[in-house]
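Okay, structure first, notes after.
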Amino acid sequence: MIDAETFSNPYRIRRSLLDCRAALRPPPNLKPSEWAEQNIYIPAENAKPGPIDFHNAPYQREPLDLTADPSCHRISLMWSAQVGKTLLGLCAQAYRIAHRPSNQMMMQPSEGDLKTWLETKFNPMVEYNKTLQNLIAKPRGREGVNNQRMKSYPGGFLMFAWSGSTKTMRGRSAPFIVCDETDGYEATPEGNAVNLLWQRAATFGDQRKLLEISTPTIKGISWIESAFEEGDQRRFYVPCLHCQHHQPLRWRNVIWDKDDQGNHLPKTAKYACEGCGVLWSNAERVTAIISAEAKGAGWKAEKPFRGHASFHLSELYSLFVSLSQIVTSFLEKKASNDLQTFVNVSLGETWEEECEKVDCADLQERAETYAAEVPAGGVYLTSGIDMQENRLEVETVAWGLGEESWSIDYRVLWGDPLQGDVWDDLDEYLEQTFQHESCAQLAISSACLDTGGSSGYTQCAYEYLRTRKGRKLFGIKGMPGWGRPIVAKPSKSRSKHQRPIDLFPVGVDEGKLMVMRRWGIQNEGPGYCHFPSERQEDWFKQITSEKLLTKFLKGHPKREWHKNSGDRNEGLDCRVYALAALKIMNPNLKKLHDRLETPEINEPESQEPKAKEKPPEEKTTPKRQTRRKVSRRSRRPSSNWVYNY
């Protein structure tokens, strides 16, 4: 029904015509980066809240604009942390919600990762942008869908999936697909998750587009690295402010000073130009990045472009992290023997395993004679116990600062675990003490017993642990798989009509990798492993019996530990279990080291006369000592380790 009052005067008629004209006008032809700078507001929780400005991250503009380029069908970002790769993906998705509506799909490694991304990234972006709020359907509304599986808007929808569930990929297709953190995707029985999702977009022909984003992991099995190598391999070049030489920023060109004592000084970090050798300050590095595209530098490809653009970027390009902070991170990771994290997360490069196989002879040549049962550096003893059908094998390890370790003892306790004798021998072994170089007696502070094996032997281990609660003797169960912590939160064993025990899951794959890496450390200090000269050759063969291989299952790479048939690996398992015992207790090694530090040799007596001694007849009356009451309940029948906890 026409409102007569609305058209009763020329002014309102003109106003209505202008409104109609505005509604019929097509949207401006904006690139995604241009639209984002006009519409996207970064939430307050971020480092730089407010309207997005690619002046602070000029390297984001080109890959973002390619998401709307019809000549490009695949974009691969092998980027480090702190460079805005997640924000880039959000801008591409928002552009296809508000400016060029179309169907989209988003994949995360797991359902938990998807929920975290929604709650910390996507939903806050929508809350701070009125345009997106008005377009996306309201939760529990009748005009569309808005939940953790799908969000609809006029002209399309955004559906979610995760790699561990092929059900979330079936029956769904969209022309625009974003796959985040692809190196964290799990293998599926049907093949790689990215390929499965990408194949479902085949019906869209030239309109389909894939944006895959991830920090890399291990060389040879990293999905994002292989995707980067398949593309045109673009790197961001910056100009030198002194010689105008264009170059990508590389970690090998970062230098810093040391003081007279050899201590590193991260605050002196500079970047050396590859062209003229001039050292850039952090401010000059930032200026070079910001001015790169204006001076003819920016993204440059190493291979011809054939529809697949791939980009590599490291943390050296971040304007929010200084060179000194990056150097500090490197030194911390190096001290903790965790350079892989720095290479993957900060440099955006794959980590190449150097410890796939350790040579037995090299370790045996490093064997040394200890000055005491426990050398001065070892301050905390743990034991790892491996159960076999006819024996128990135990290694006792002394740990020092930086988890430097000394193998103290290795013992084979013969006997069937189904019988009681071998468990009595284990009790006797764990009760003993070892003499420290400072003449102190050290007891075994904690131990881990592997409960794996056939059901009968597992139950025997459960019964042994059940009767020795509170003695720092922990039951463990090896859990294969990568990305697991060495020791996780314990769970209760399931036994009918019996009291459950705490079982600590141990990530054996990650534990063996850490141990193997430490075998390869050549210089004494954090992580270095010492071996006694009296240790038999067979033991060295056991601790080096496994090697890390990469196999392909339905096109998906999988790393596995392998040993030759007939080789024994009990020595390696015992070391992993001893490491797990250390991780469970998490002692203050620095405090223990200071407490057990070997006293210095007394200086020669001085020539000064001694103080006059008191005459024999002068006696001091001793002070009366009050006896402290001890509760009978707290008494223990013995002072050894097993009964003294």
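The values are calculated or read from the model by the stated rules, or taken from the named source; none is laboratory data. Being a predicted model, the structure only gives us computed values, none of them experimental. Here the Cβ positions follow ideal geometry from the backbone for every residue, glycine too, while neighbour counts run over all protein chains shown. The area values use the complete protein model at the heavy-atom level, side chains included, leaving out ligands, DNA and RNA. Shrake-Rupley method; radii C 1.70, N 1.55, O 1.52, S 1.80 Å.
What FRET efficiency, computed as 1/(1 + (r/R0)^6) with R0 = 56 Å and r the Cβ-Cβ distance, is obtained for Q261 and Y41, rounded to the nearest 0.05? All intermediate terms of the calculation are to be shown ahead of the outcome.
Working: r = 50 Å, r/R0 = 0.88.
Here the calculated transfer efficiency is 0.70.
Distances longer than 17 Å among the Cα atoms of segment 115-256: what percent of all pairs is that? Write out the running numbers ahead of the final one.
Numbers: 7216 of 10011 pairs.
When every Cα pair of segment 115-256 is considered, 72 percent fall beyond 17 Å.
Amide H contacts of G275 (H built 1.01 Å from N, in plane; Pro and chain starts excluded): no residue 5 or more places away or on another chain comes under 5 Å. Projected onto their three principal axes, the Cα atoms of segment 364-464 cover extents of 43, 28, 22 Å, largest first. In a fully extended conformation the segment linking L279 and E119 would gain 53.3 nm over its present Cα-Cα distance, using 0.36 nm per residue. With all protein chains in place and a 1.4 Å probe, the accessible surface of segment 367-483 carries 47 percent carbon and sulfur.
Hey, with R₀ at 51 Å, roughly what FRET efficiency would E597 and E127 work out to, going by the Cβ-Cβ distance, to 0.05? Write out the running numbers ahead of the final one.
Values: r = 57 Å, r/R0 = 1.11.
So, using R0 = 51 Å, E works out to roughly 0.35.
Amide H contacts for T188 (H built 1.01 Å from N in the peptide plane; partners 5 or more residues away or on another chain; cut-off under 5 Å): A193.
Starting from the Cα of N195, move 7 Å in the Cα-to-Cβ direction to define the label point; list residues of segment 161-186 whose amide nitrogen is under 20 Å from there. Answer for segment 161-186: 162-174, 177-186. Each Cα pair under 8 Å and six or more residues apart adds its sequence gap; the mean of these over the residue count of the chain is a relative contact order of 12 percent. Among 523-530, 541-548, 326-333, sorting by the average number of other beta carbon atoms lying within 10 angstrom of each residue, highest first, gives 541-548, 326-333, 523-530.
Expressed in Å, the radius of gyration and Dmax of the Cα atoms of the chain are 32.6, 127.
Quote the FRET efficiency, to the nearest 0.05, computed for Q522 versus E560 with a Förster distance R0 of 30 Å and r equal to the Cβ-Cβ distance. Before the final figure, lay out the partial values.
Details: r = 27 Å, r/R0 = 0.90.
After rounding, the FRET efficiency stands at 0.65.
Taking label points 7 Å from Cα along the Cα-to-Cβ direction, D424 and S438 give a separation of 3.7 nm. Overall, the accessible surface of segment 274-313 at a probe of 1.4 angstrom is composed of carbon and sulfur to the extent of 54 percent.
Percentage of Cα-Cα pair distances in segment 411-552 greater than 21 Å, rounded to whole percent?
Working: 5891 of 10011 pairs.
Counting pairs separated by more than 21 Å, the tail of P(r) holds 59 percent.
Here segment 215-262 is treated as a Stokes sphere of Kirkwood radius computed over C-alpha pairs; at 4 °C and 1.567 mPa s its diffusion coefficient rounds to 91 µm²/s. The calculated pair-distance distribution of segment 265-423 uses every alpha carbon pair, bins of 10 angstrom beginning at 0, and gives 8, 20, 23, 18, 13, 12, 6, 1 percent. Accessible surface of K469, taken over heavy atoms with a 1.4 Å probe and every protein chain present, rounds to 100 Å². The phi torsions of segment 249-266, fed into the Karplus equation with coefficients 6.51, -1.76 and 1.60 and a -60° offset, translate into couplings of 6, 10, 5, 5, 8, 8, 10, 8, 9, 10, 7, 5, 8, x, 7, 6, 10, x Hz, rounded to whole numbers, with Gly and Pro shown as x.
Ordering of 81-89, 378-386, 423-431 by packing is 378-386, 81-89, 423-431, highest average first (other Cβ atoms within 10 Å, averaged per residue). Separation of the alpha carbons by more than 24 angstrom is noted, of K270/K333; K469/K583; K48/K209, for K48/K209. For the chain, the longest principal axis of the C-alpha atoms and the axis of helix 455-466 are separated by about 70°. Extension gain for E537-S226 works out to 107.8 nm (0.36 nm per residue, less the C-alpha to C-alpha distance). Dividing the summed -39500 (n - 2.57) terms of all DSSP H runs of n ≥ 4 by the residue count of the chain sets its mean residue ellipticity at 222 nm at -7500 deg cm²/dmol. Computed from Cα atoms, the angle from the helix 508-519 axis to the main principal axis of the chain rounds to 70 degrees.
When the Cα atoms of segment 1-156 are enclosed in a convex hull and the volume is divided per residue, what value in Å³ results? The partial results should precede the final answer.
Values: hull volume 26.1 nm³, N = 156.
Taking the convex hull of the Cα positions in segment 1-156, it is 167 Å³ per residue.
Ratio of Rg to Rh for segment 78-172, alpha carbon only, Kirkwood?
Using only Cα positions, Rg/Rh for segment 78-172 is 0.95.
Solvent-accessible area per residue in the chain equals 54 Å², computed with a 1.4 angstrom probe and all protein chains kept. Alpha carbon centre of segment 9-49 versus segment 69-94: separation in Å? Segment 9-49 and segment 69-94 have Cα centres separated by 24 Å.
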